[in-house]
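Every number in this text was worked out from the coordinates using simple rules, so none of it is lab data. Given the structure is predicted, the values throughout are model-derived calculations rather than measurements. Every residue, glycine among them, receives a Cβ derived from its backbone with ideal geometry; neighbour counts consider all protein chains shown.
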């Protein structure tokens, strides 16, 4: 996160808070609130014109101002973001896969989740105490702690442990629509690109409509002006 768009944590000097993004996220709720207020005004209107409409217009302008300012800042922030190439190794250093390890024991070894949760909790504590990560889990450690904390015999295959403690392999197992697998992420990106292209075409069309409308308005205004001038000339000729 670029320094220009972040601030220091009030308690952790090493931490950078993405405050600009947090504020933009909050501003989105303002737009949603304006929409709900406008929809609530319109839903209660009978037919023909009602003065209620004058309360809707300020909501529209406020949302447009909010959106424009947020997008302006966002457009300056995004190009300056730097994605660390070490993100996978950083994830491996933590215990983000602990839940999947517990799920694997349930799914493949018929261990009740409550028991599995207890075993994996003991595994994580043991690893933290020995300054290790989840990638250091072994079938032997699982067997030992399962016997100690749950009094059950548990013989887990090494390959099963590797598959649910390796972040990349874990991600690739969630092959569902909207999931984190590379294939699904690529589909999502392509979908967003199509949506963006469509939005750009719509914006271009709206701009053209506005330009055409302005041209038409100017032409009508000029015709009225010409008609008024011609009338004045005729009146002067009559006076003469």
Folded to 0 to 90 degrees: helix 139-149 orientation relative to the chain principal axis, Cα: 80 degrees
The chain, helix-only ellipticity at 222 nm - DSSP H runs n ≥ 4, -39,500 (n - 2.57), divided by all residues, nearest 500: -24000 deg cm²/dmol
Cα centroid separation, the range 1-77 to the range 148-191 (Å): 37 Å
Kirkwood Rh in Å, taken over all unlike Cα pairs in the chain: 25.1 Å
Distance in nm between pseudo-label sites at residue 152 and residue 197 (7 Å out along the Cβ direction from Cα): 5.2 nm
Of 74, 113, 226, the one that fluctuates the most in a GNM where the chain has Cα springs shorter than 10 Å: 226
Quotient of C-alpha Rg and 2.2 N^0.38 Å, computed over the range 3-82: 1.57
Length gained when the stretch residue 226-residue 1 is fully extended (0.36 nm per residue, less Cα-Cα span): 75.0 nm
Folded to 0 to 90 degrees: helix 182-239 orientation relative to the chain principal axis, Cα: 10 degrees
Separation of the residue 216 and residue 25 label points, Cα + 7 Å toward Cβ, nm: 4.4 nm
